[in-house]
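This report concerns only the one structure given below.
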Amino acid sequence: MSIRKMIALHPDVVKSGHVNDPLGTAVHHAMYCAKMCMSCADACAAEEMDMTQCIRTCSDCSDVCEAMSRIGARRTGSNEQVLREMLELCARVCDACAVECEKHDHAHCKLCAQICRECAEDCRNAALTI
């Protein structure tokens, strides 16, 4: 089961016949990115070097991605300005997290940077559809 399918089954979406695929993809990626960033922050805490900034950046990114995915998954009613701004914020925060993670040679940071870049792109694409 995917969140994209759940959104498509929402009664308001079914009635309107409008499934915003880019938004569904952004919500899906943000949910995944939130968990990856949380895991990266935890792994950074176990590293021997000082990873304070990476932990903070990953933790912030996780929280923003989680909030965006929750707002993006809601289909009842409308608050397009908030949704667009959350998508844009999520993209910026994901970019910042990717930049921070790319400073480190840890495999978990490289993977986190990759998902952050993908999530940022999907959020930007979805924002254009709102």
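Any read-out appearing in this document is the output of simple, stated calculations on the displayed coordinates, not a laboratory observation. Small disclaimer: the values here were computed from a predicted structure and weren't measured. Ideal geometry is used to build each Cβ from the backbone, glycine not excepted, and the neighbour counts take in all protein chains shown.
List of remarks:
- Alpha carbon Rg of the chain, scaled by the compact-globule rule 2.2 N^0.38 Å: 1.10
- Highest mean first, the peptides 24-35, 99-110, 117-128 sorted by other C-beta atoms within 10 Å per residue fall in the order 24-35, 117-128, 99-110.
- If you plug the beta carbon distance of Glu102 and Asp21 into 1/(1 + (r/R0)^6) with R0 = 22 Å, you get a FRET efficiency near 0.15.
- 10 Å beta-carbon shell around His104, net charge (K/R +1, D/E -1): -2
- Taking Arg92, Arg74, Arg84 in turn, the Gaussian network model of the chain (Cα-Cα springs below 10 Å) assigns the largest fluctuation to Arg74.
- Compared with the dominant Cα axis of the chain, that is its longest principal axis, helix 52-73 is turned about 10°.
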